[in-house]
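The values are calculated or read from the model by the stated rules, or taken from the named source; none is laboratory data. For clarity, every value in this text was computed on a predicted model and none was experimentally measured. Reconstructed Cβ throughout: ideal geometry from the backbone, glycine too, with neighbour counts over all protein chains shown.
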Amino acid sequence: MHELTITESILEIALRHAAEAEAKKITDIHLVIGKLSSIVDDSVQFYWDIISDGTAAQGAALHFRRIRIEIACQVCGESYHPEDLDLSCPACGSRDVRIVAGEEFRLEAIEVE
Amino acid sequence: MSVDESSGRAGMKERIPIVEKILSANDHIAEQNRSTLDAAGIMGLNFMASPGAGKTSLIEHTIKMLMGKLRLGVVDGDVATSIDADRAAAAGARSVQINTGGECHLDAVMLQGALSELALEEIDLLIVENVGNLICPASFQLGTHKSVLIASVPEGDDKPYKYPGMYRGVDALVINKIDLLPYLEFNMEYFQEGVEILNPGLVTFPLSCRTEEGLDAYLAWVEVEMEAHRRVVQ
């Protein structure tokens, strides 16, 4: 159910910007999703096909750009890209870290004609 | 492909940069909710947990044990029924039920509607009981001030590892049903290690709603947070 709400939000934002640009048709939607965001691409695509039907965004291709996790250690300054749950610093072991990237969840651009 | 004769740009594609957070509409309403609560001097807590962890039991104890000190309001989110709101009302709180009609989480708009049904001037502490779910509620800001996760030992000690998003985003953790520890294979050290990896230094309250062991420390935390909140909004 979660992905339905999100897909509706994507459609609303895309249609609003397309209307502002007086575009007739949306052909492509570019999404930026960090790896820490729990979004299932296939599920969004599934809902998209249903809810975009009959709108200016019907048939638009969804493009997912996944952003890898980037962490900055607040103790030693190390910057790194963890692959699992453990975000602690590989250099000094500190858990005082800041998430620099990986939580993104935004619409980056639409292509219209 | 149709030809747009007025502009002569038949089939020409144009890229429109947007950079808008997908949940910006929700976040915007959440900010409004926060302002509403602040204006009324209310501290809002978002209670999240899996189904059956003991959210409603903890709310009942909170209402009863803080009675006379704080006036409580409860917003109950469930897919269906008003069982939880009825329990909160019976315990002595002002309560309102939100039935999400299938949605797996509360969002800011639902809370906004619920706030309009409560006599906010008669409330100091508002507990929002989210839908029982360890995934979706973590993604939707409500406008509450603090998030509390209620875990319970029968769920198993691997839950932090399985639901990192939830464990990462909360401000306090209650570990309920510790009276059952002797009967379960629950490795507290392994559980807390997972919590520490995801949310270092997270304030944690092991307790049992049934025996009331450990409730004092949790209630003291609520009161301290309430005091701190009052100093900020005044």
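Is it fair to say B:E213 is at pLDDT below 95 and either among the acidic types (D, E) or part of a strand (DSSP E or B) (or both)?
On the way: at pLDDT below 95: no; either among the acidic types (D, E) or part of a strand (DSSP E or B) (or both): yes.
Spelling it out, it is not the case that B:E213 is at pLDDT below 95 and either among the acidic types (D, E) or part of a strand (DSSP E or B) (or both).
Name every residue in segment B:168-198 that is small (G, A, S) and in contact with a strand residue (DSSP E or B) (Cβ under 7 Å, 6 or more places away or on another chain), in order of residue number.
First pass over segment B:168-198, keeping only residues small (G, A, S): B:169, B:172, B:194.
Correct list: B:G169, B:A172.
What number of residues in segment A:63-100 are touching a His at 6+ places or on another chain (Cβ under 9 Å) and of a type outside the set (D, E, K, R)?
Of the residues in segment A:63-100, the ones touching a His at 6+ places or on another chain (Cβ under 9 Å) are A:63-65, A:68-71.
Next cut, of a type outside the set (D, E, K, R) only: A:63-64, A:69, A:71.
Residues meeting the conditions: 4.
Can you tell me which residue is surrounded by the fewest Cβ atoms within 10 Å (Cβ to Cβ) among those in segment A:1-44 that are assigned to a loop (DSSP other than H, G, I, E, B), more than 9 Å from every other protein chain (Cβ to nearest Cβ) and under 11 Å from the mean Cα position of the chain (by Cα)? Among them, the one singled out is A:V40. Scanning segment A:57-71 for residues that are surrounded by 16 or more Cβ atoms within 10 Å (Cβ to Cβ) and closer than 17 Å to A:E8 by Cα yields A:A57, A:A60, A:L62.
Looking at B:A80, B:A39, B:A30, can you tell me which residue is hydrophobic (A, V, I, L, M, F, W, C), within 14 Å of another protein chain (Cβ to nearest Cβ) and under 18 Å from B:H145 (Cβ atoms)? Quick ask: steps written out before the conclusion?
Working: B:A80 fails: under 18 Å from B:H145 (Cβ atoms); B:A39 fails: within 14 Å of another protein chain (Cβ to nearest Cβ).
Result of the check over B:A80, B:A39, B:A30: B:A30.
Counted as qualifying within segment B:10-94 are the helices (runs of 4 or more DSSP H) with 1 or more residues that are modelled with pLDDT of 95 or more, closer than 30 Å to B:G214 by Cβ and of a type in the set (A, V, I, L, M, F, W, C), namely B:24-39, B:55-66.
State whether one or more residues within segment B:70-78 are farther than 17 Å from B:P137 by Cα, of a type outside the set (F, W, Y) and free of Cβ contacts under 8 Å to residues at least 12 places away in the same chain. No, that holds for no residue.
Taking the criterion of being modelled with pLDDT under 95 and more than 20 Å from A:I99 (Cα to Cα), the residues of segment B:133-170 that qualify are B:N133, B:L134, B:C136, B:P137. Among the residues that make up segment A:97-110, is at least one of them over 21 Å from B:S139 (Cα atoms), outside any strand (DSSP E or B), in contact with a strand residue (DSSP E or B) (Cβ under 6 Å, 6 or more places away or on another chain) and within 11 Å of chain B (Cβ to nearest Cβ)? The answer is no; no qualifying residue exists. Return only the number of the condition from (1) out of contact with any Cys (no Cβ under 9 Å at 6 or more places or on another chain); (2) loosely packed, with under 15 Cβ neighbours inside 10 Å; (3) touching a residue at least 12 places away in the same chain (Cβ under 8 Å) that A:C92 does not satisfy. For A:C92, the failing item is (1). Kindly evaluate A:D53 against the criterion of being touching a helix residue (DSSP H, G or I) at 6+ places or on another chain (Cβ under 9 Å) and without any contact (Cβ under 8 Å) to a residue 40 or more places away in the chain. So A:D53 fails the test. Output the number of the condition that B:S139 fails; it satisfies all remaining conditions of (1) under 21 Å from B:E31 (Cβ atoms); (2) of a type in the set (S, T, N, Q); (3) surrounded by fewer than 18 Cβ atoms within 10 Å (Cβ to Cβ); (4) within 14 Å of chain A (Cβ to nearest Cβ). Only one criterion is unmet by B:S139, namely (3).
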